[in-house]
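S.K.: Submitted below is the structure of interest, expressed as structure tokens.
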């Protein structure tokens, strides 16, 4: 049997004692550590939340709560990949097996070679899943940063009466002078604009346009 190149901390859950024993015996031979076993869904949730394993291998049908529901509850607090084990290809359960964290499926009786393949596949898919999540988060952040910069540029254009090209040039110059990222300068300007707006709406008006104009002109000169 070929063990996984990475040793994993695994929780195995099954309502059948011989299956729990099987996982406890075979997984160490594959180079992994069984940090806990569970006989039902509630025990799986409790052990999963406390031990935070690298992988969960769980039967679908179990007393109190099925393995899919239990794994969903665990993943509400921390993302952990899951390998589902089932004795029957039941449509009702398998239709719910498409949640993000379920990465592989095993059918009983579980063969060691199939277990090795399922674990490798689950971890590979989980790394791909996390990579896609990071890329999506980076893209969302980039879009938010761009919106913030555009808003800051509009403020500069309005406050010191320059066109779009000159407004963006002054933002970049200020960022370079202060050794800051463009989005950091944008945050500064948006924060300043909130203060200026509050001052302009107060009972004692203050000439704030001149303040911002002088500040930006000093950085550009």
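The values are calculated or read from the model by the stated rules, or taken from the named source; none is laboratory data. Since this is a predicted model, take the numbers as computed values, not measurements. Cβ atoms come from the backbone with ideal geometry, glycine included; neighbour counts cover every protein chain shown.
S.K.: Those residues that are closer than 20 Å to residue 18 by Cα and either in a strand (DSSP E or B) or touching a strand residue (DSSP E or B) at 6+ places or on another chain (Cβ under 8 Å) (or both), I need them from the range 56-84; list them, please.
M.R.: Of everything in the range 56-84, those that are closer than 20 Å to residue 18 by Cα and either in a strand (DSSP E or B) or touching a strand residue (DSSP E or B) at 6+ places or on another chain (Cβ under 8 Å) (or both) turn out to be 56, 57, 58, 59, 60, 61, 62, 67, 83, 84.
S.K.: Just one of the numbered conditions (1) exposed (fewer than 15 other Cβ atoms within 10 Å of the Cβ); (2) touching a residue at least 40 places away in the same chain (Cβ under 8 Å) is not true of residue 61; which one?
M.R.: Of everything listed in (1) exposed (fewer than 15 other Cβ atoms within 10 Å of the Cβ); (2) touching a residue at least 40 places away in the same chain (Cβ under 8 Å), residue 61 misses just condition (1).
S.K.: Further, regarding this structure: When the residues of the range 9-38 are filtered to those that are in contact with a helix residue (DSSP H, G or I) (Cβ under 7 Å, 6 or more places away or on another chain) and in a loop (DSSP other than H, G, I, E, B), which remaining residue is farthest from residue 79 (Cα to Cα)?
M.R.: Among those that are in contact with a helix residue (DSSP H, G or I) (Cβ under 7 Å, 6 or more places away or on another chain) and in a loop (DSSP other than H, G, I, E, B), it is 30.
S.K.: If a residue has to be over 16 Å from residue 51 (Cα atoms) and surrounded by 17 or more Cβ atoms within 10 Å (Cβ to Cβ) to count, how many in the range 16-38 make the cut?
M.R.: Number of matching residues: 7.
S.K.: Residue 43: under 17 Å from residue 108 (Cβ atoms) and in contact (Cβ under 8 Å) with a residue 12 or more places away in the chain, yes or no? Working first, answer last.
M.R.: Values: under 17 Å from residue 108 (Cβ atoms): no; in contact (Cβ under 8 Å) with a residue 12 or more places away in the chain: yes.
It is false that residue 43 is under 17 Å from residue 108 (Cβ atoms) and in contact (Cβ under 8 Å) with a residue 12 or more places away in the chain.
S.K.: Next question, about the same structure. With the condition kept exactly as written, say whether any residue in the range 116-130 is under 30 Å from residue 29 (Cβ atoms), at pLDDT below 85 and within 20 Å of the chain's Cα centre (by Cα).
M.R.: Yes: one or more hits.
S.K.: Another question about this same structure. Would it be correct to say that residue 174 is part of a helix (DSSP H, G or I), over 16 Å from the mean Cα position of the chain (by Cα) and touching a residue at least 12 places away in the same chain (Cβ under 8 Å)? If you could, list the steps in order and put the result at the bottom.
M.R.: Numbers: part of a helix (DSSP H, G or I): yes; over 16 Å from the mean Cα position of the chain (by Cα): yes; touching a residue at least 12 places away in the same chain (Cβ under 8 Å): yes.
Considered against the rule, which asks whether it is part of a helix (DSSP H, G or I), over 16 Å from the mean Cα position of the chain (by Cα) and touching a residue at least 12 places away in the same chain (Cβ under 8 Å), residue 174 comes out as yes.
S.K.: Does residue 185 satisfy being surrounded by 15 or more Cβ atoms within 10 Å (Cβ to Cβ), on the phi < 0 side of the Ramachandran plot, at pLDDT 90 or above and not in a helix (DSSP H, G or I)? Can you show your working first?
M.R.: On the way: surrounded by 15 or more Cβ atoms within 10 Å (Cβ to Cβ): yes; on the phi < 0 side of the Ramachandran plot: yes; at pLDDT 90 or above: yes; not in a helix (DSSP H, G or I): no.
For residue 185, the condition - surrounded by 15 or more Cβ atoms within 10 Å (Cβ to Cβ), on the phi < 0 side of the Ramachandran plot, at pLDDT 90 or above and not in a helix (DSSP H, G or I) - is not met.
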